[in-house]
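Have a look at the structure below, then the notes.
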Amino acid sequence: LLSPVFLAIAIAIKLTSKGPILFKQERIGQYGVLFTFLKFRSMCFLNDSKIHQDYVRRFISGKEECKQSDSNGGVYKLKGDPRITSVGNFLRRTSLDELPQFFNVLRGEMSLVGPRPPVPYETEAYDIWHRRRFLEAMPGITGLWQVNGRSKCTFDEMVRLDIKYARNWSLGLDLKILLETPRAVLTGNGAY
């Protein structure tokens, strides 16, 4: 059903920037198991990830320079990232870059609902309690964090939402989150 959308996005990526269509990255799944995470590529090919690594470490530690000027807390994604392409900016704002993760779901590495899977270098800055977000639930495409603030949450708030989801998991909660996800995507509130 999504193949026309996949094709249109693939063509747009290829026509506007060099490099592969898909971005593959090692992520940490449930119980610390590594897997290859898929997204449509939204950044320039062969970019330096150090800018993001440094930002994530500062953000997790709660450094002031990661706070938004509008007092909405931290921003989980780096705003104004120069590595993002014009098509990539659109894909990120609409969350269309996430569609290839359905393949991760089909392979059993992710669920439709759950905490976002962290990048290994991100976990190096975690406090012990932060690790519960990938120990207690399978990672998901959408989750409680995505429908309750997205990138407007601080890192600790995001982890608390992930732990709350794991503790209160039910089919009803998953359905509620899945039904709220299109609103979060369409409004783009907190998406960068």
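The values are calculated or read from the model by the stated rules, or taken from the named source; none is laboratory data. Computed from a predicted structure; not experimentally measured. A quick note on method: Cβ atoms are made from the backbone with ideal geometry, for glycine too, and the neighbour counts reach across all protein chains shown. For accessibility, only protein heavy atoms count, side chains too; no ligands or nucleic acids. Shrake-Rupley method; radii C 1.70, N 1.55, O 1.52, S 1.80 Å.
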Largest to smallest accessible area among Thr142, Thr36 [probe 1.4 Å]:
Thr36, Thr142
Options [x] 80, 44, 37; [y] 84, 38, 24; [z] 43, 39, 32 - which one matches Cα extents along the principal axes in Å as calculated here:
[z]
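Carbon and sulfur atoms: what percent of the 1.4 Å accessible area of the chain do they account for?
On the way: 6180 of 10160 Å².
The nonpolar share, carbon plus sulfur, comes to 61 percent.
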For the chain, with only Lys/Arg (+1) and Asp/Glu (-1) charged at the beta-carbon, what is the dipole magnitude about the Cα centre, in debye rounded to 20?
260
Could you compute how much accessible surface Phe134 exposes when probed at 1.4 Å, giving the result in Å² to the nearest 10?
20
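How large is the charge dipole for the range 1-61, taken about the Cα centre, if only the Cβ atoms of Lys, Arg (+1) and Asp, Glu (-1) carry charge, to the nearest 20 debye? Mind showing how you got there, number by number?
Values: 9 positive and 3 negative charges, 12 e Å.
For the range 1-61, the charge dipole is close to 60 debye.
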Counting only protein heavy atoms and rolling a 1.4 Å probe, one gets per residue an accessible area for the range 122-191 in Å² of 50
